[in-house]
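Step one of this worksheet: look at the structure below.
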Amino acid sequence: MASKKIMSFVFPAIITLIIVLIMSVIPAYAQYSSSPLTISPGPDLRITLVNQEPDPVSPGSTVKERIRIENYGAKDINNVKIEILPGYGYEIVDTPVRNIGTMKGAQKGVTAFIESFNIKIKPETPEGLLKIKIRQTSDNQEFPIDFEFDVNVQTTTDALVISSISTTPSELEPGKEGKLSFIIRNSADSLLSDVKVSLNLTGAIFSVIGSTNEKVVSFINPKQEESVDFNIIVNPEASLGIYQVPVTITFRNSAGTSFTKNIIAGIVINSEPSYLLNLESTDVYTSKTKGKVTIAVSNTGNGVMKFTELDLVPTDEYDVISASKVYLGNIDSDDTQSNTYEIYVKKSVNYKVPLRVNIKFKDKFNKEYTKEYLLNLQLLKSSEASKLGVTKKASITTIIFSFMVVVLLLVFWITMIIDVLRNQLPREKKIIWFIVVVLGMVLGSAIYYFVARRKPKK
């Protein structure tokens, strides 16, 4: 019974002691790592690939390899050195050996060492995963340890870059010749050969002249550029606008592998606006008269004249009675828009009146144009206007008024003649006043009326 009692006390004590020992050991390892269960009791150096730039890398190009060096052991590792070993398909650009120094126990994760090596992939290296060898040495180990990591080698179309696409002139005109140019750059570190630039002319608004639609460049040296030019002529019936031309470019890398690159070239078809501004009609032929003038705008160019405004500006020679500024809107190619103004001509110089007209509009690409014109309004002499029958006809009101005035003056004249005959004047004076009234008509009658007419009897 006594032994059973002793065991009942000893066994729990042993279990408690074991738990205390375990709890005291775990913090000792935890000071080296946030994951204490991954820590080895001795030195444990590991090397892994972080990334490569670019990924993939083309044959003949240089790649930057970033590697991580970590110590998964609990003990320090002294005088650590990392070396990139020579191998098939690549060569080391910068210093192959890196002195890391001392790596503390459990120095991993965010505290690990990161090293970068620039490695040039040889042009003849086949596509695929290329093995890069790394050797690690330290004072804590008797023999070096070798590691390997893979580099993804793959030729891409990015080796050939289109630096620029341009036309000469920058805006091509319908029916005229120009040049379409490509600047092609070899961005790789190896030769590119058999570079072919082909234009897809299906439905194109231009034709290639002086050559076919395909140009070949034998080779482009690394980091160099070549120009490919096509002489073209634009279809005379082409509408103004922006057009897309499909372009196919093929080439070979230094290993003889063929690649195809498809791009779109944008070209602008445009031309300077062409139009006529003229005085279409008028019924104003003499000064000091009011009438109408019609000004017309004819679009003789290839493109539309958008948001067209016409402004007849008043001057010292004439006044604009109607609205001076009008909106004509869009005027299509081979179309005409006009506006009729009512003006009053105050004076002229040599029977000419310069009409000051401002026109404003935008082309298809919203480029604004503004220009002032002087349109000569040719007047006639009064005699010429009467002879040609273009003098202004009086209104019915004017005619009636004029007729009444003439009748009244005629009555007044006849009345004064009768008054002279009945006037009791001496014979000589009566004859004189009769002659004055008859020959002087209205003026003579007026003089007689105020000087010698008979006074009414009171």
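The values are calculated or read from the model by the stated rules, or taken from the named source; none is laboratory data. A quick note: this is a predicted structure, and the numbers were derived from the prediction, not measured. Because the Cβ atoms are built from the backbone with ideal geometry, glycine has one as well, and the counts that use them run over all protein chains shown.
Leu375: assigned to a strand (DSSP E or B), under 30 Å from Ile295 (Cβ atoms), assigned by TED's automatic domain parsing to the domain that holds Thr308 and in contact with a Leu (Cβ under 9 Å, 6 or more places away or on another chain), yes or no?
Spelling it out, Leu375 is indeed assigned to a strand (DSSP E or B), under 30 Å from Ile295 (Cβ atoms), assigned by TED's automatic domain parsing to the domain that holds Thr308 and in contact with a Leu (Cβ under 9 Å, 6 or more places away or on another chain).
Would you mention how many residues in the range 381-424 are assigned to a loop (DSSP other than H, G, I, E, B), modelled with pLDDT of 75 or more and within 60 Å of the chain's Cα centre (by Cα)?
Qualifying residue count, the range 381-424: 1.
Tally the residues that are free of Cβ contacts under 8 Å to residues at least 24 places away in the same chain and part of a strand (DSSP E or B), restricting the search to the range 118-169.
Qualifying residue count, the range 118-169: 4.
Which of the strands (runs of 3 or more DSSP E) found entirely inside the range 210-291 contain at least 2 residues meeting this: in contact (Cβ under 8 Å) with a residue 24 or more places away in the chain and within 20 Å of Gly303 (Cα to Cα)?
225-234, 241-252, 258-269, 275-282
Give me the residue from the range 268-290 that is over 17 Å from Tyr351 (Cβ atoms) and touching a Leu at 6+ places or on another chain (Cβ under 8 Å) and, out of that set, modelled with the lowest pLDDT.
Ser271
Being assigned to a loop (DSSP other than H, G, I, E, B), touching a helix residue (DSSP H, G or I) at 6+ places or on another chain (Cβ under 6 Å) and either modelled with pLDDT of 95 or more or of a type in the set (A, V, I, L, M, F, W, C) (or both), is that true of even one residue in the range 194-201?
No, there is no match, as no residue in the range 194-201 is assigned to a loop (DSSP other than H, G, I, E, B), touching a helix residue (DSSP H, G or I) at 6+ places or on another chain (Cβ under 6 Å) and either modelled with pLDDT of 95 or more or of a type in the set (A, V, I, L, M, F, W, C) (or both).
Out of all the residues in the range 64-95, which are in a strand (DSSP E or B), among the aromatic types (Phe, Trp, Tyr) and either surrounded by fewer than 18 Cβ atoms within 10 Å (Cβ to Cβ) or more than 51 Å from the chain's Cα centre (by Cα) (or both)?
None - no residue of the range 64-95 is in a strand (DSSP E or B), among the aromatic types (Phe, Trp, Tyr) and either surrounded by fewer than 18 Cβ atoms within 10 Å (Cβ to Cβ) or more than 51 Å from the chain's Cα centre (by Cα) (or both), so the list stays empty.
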